[in-house]
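For reference, the structure is listed below as structure tokens.
The values are calculated or read from the model by the stated rules, or taken from the named source; none is laboratory data. Predicted, not measured: the structure shown is a model, and the values here were computed from it. Backbone-built Cβ (ideal geometry, glycine too); neighbour counts: all protein chains shown.
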Amino acid sequence: MKPLLLLLAVPLPPQSLEALGPRIEEREIDTPYGPVGPLARRGLPDSASIWIQPYYGLPSRTDPRATLSAAQALGIDQIVACDSVVAVNPVLGPGHPLLITDYIDFTRHQPQTFFEREGTAGLSQAPAVCPRLTDALARILPAAPGGVYLGVDGPRRETAAEARMFRAWGADVLGQNLVPEIALARELGLCFAGLAVVDAISAERPAPPDTADDYSGLEVVVQALSAFLQSLREDSACDCGGRLTRTLPAGRAGPEDQPARPPRA
Ligand SMILES: [Zn+2]
């Protein structure tokens, strides 16, 4: 089976990754947007292997396009991202997992597209995340609710007023690591699913007792990812994405635009 890519933006103890199988290889990838890696590939016999890119507080996260370009270079067409998030939905508490079903982009300093120099282009209507991968995660984590992820730049935390605004917009959690990666992945026609683990409660709510050293919620995530990999039986991505197949001059969207489908592997 083709390997997946895991963008790991949760502070897991390194030994917990053993649950995903032994380390098979390690690579560094040069991309037009900068170097990526080292990425390590892990896997167990009879299940998909997974390239792991640590993504937590990465100082080199200057251009998210590098990450997606590296995924392409590795022949990856399925990405799962795990992020530590701030809960703005009051039913969520520290350690709670959440499956990302949609997102809001509130980033302001990130490249938003691979095609910005080539003018506008028609994107087909595609779901925000891959329904197949998200359903597979939901079967492994039946108690995890689905929710809306709002991407912010950081590094500062949200103010209480912003937390109220984000909640009013329909956001459930805030994070700094999945946007615009999620949109860039869809631009390339890659399947993308997101899993969030609540690390903190938003600024408008009283702080819970300190759980800084409690990895219990995160251990659940590693076990879930291991089961998730073993549950994947199909050898290729689905055609859920909205790959950009061509570009048009700026400001012109032709009436002949048709929904684009990624080529089958
Ligand atoms: Zn898909």
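Select from region 16-57 the residues that are modelled with pLDDT of 90 or more, part of a loop (DSSP other than H, G, I, E, B) and within 15 Å of residue 4 (Cβ to Cβ) and list them in ascending order.
21, 43, 49
Please enumerate the residues belonging to region 162-190 that are of a type in the set (A, V, I, L, M, F, W, C) and either on the phi > 0 side of the Ramachandran plot or over 10 Å from the mean Cα position of the chain (by Cα) (or both).
163, 165, 166, 168, 169, 171, 173, 174, 184, 188, 190
Is it fair to say residue 66 is buried (at least 20 other Cβ atoms within 10 Å of the Cβ), away from the ligand (no atom under 16 Å from the Cβ) and in a helix (DSSP H, G or I)?
Numbers: buried (at least 20 other Cβ atoms within 10 Å of the Cβ): yes; away from the ligand (no atom under 16 Å from the Cβ): yes; in a helix (DSSP H, G or I): yes.
Criteria met by residue 66.
Check off (1) surrounded by fewer than 20 Cβ atoms within 10 Å (Cβ to Cβ); (2) away from the ligand (no atom under 16 Å from the Cβ) for residue 128 and give me the number that stays unchecked.
Going through (1) surrounded by fewer than 20 Cβ atoms within 10 Å (Cβ to Cβ); (2) away from the ligand (no atom under 16 Å from the Cβ) one by one, residue 128 breaks only (2).
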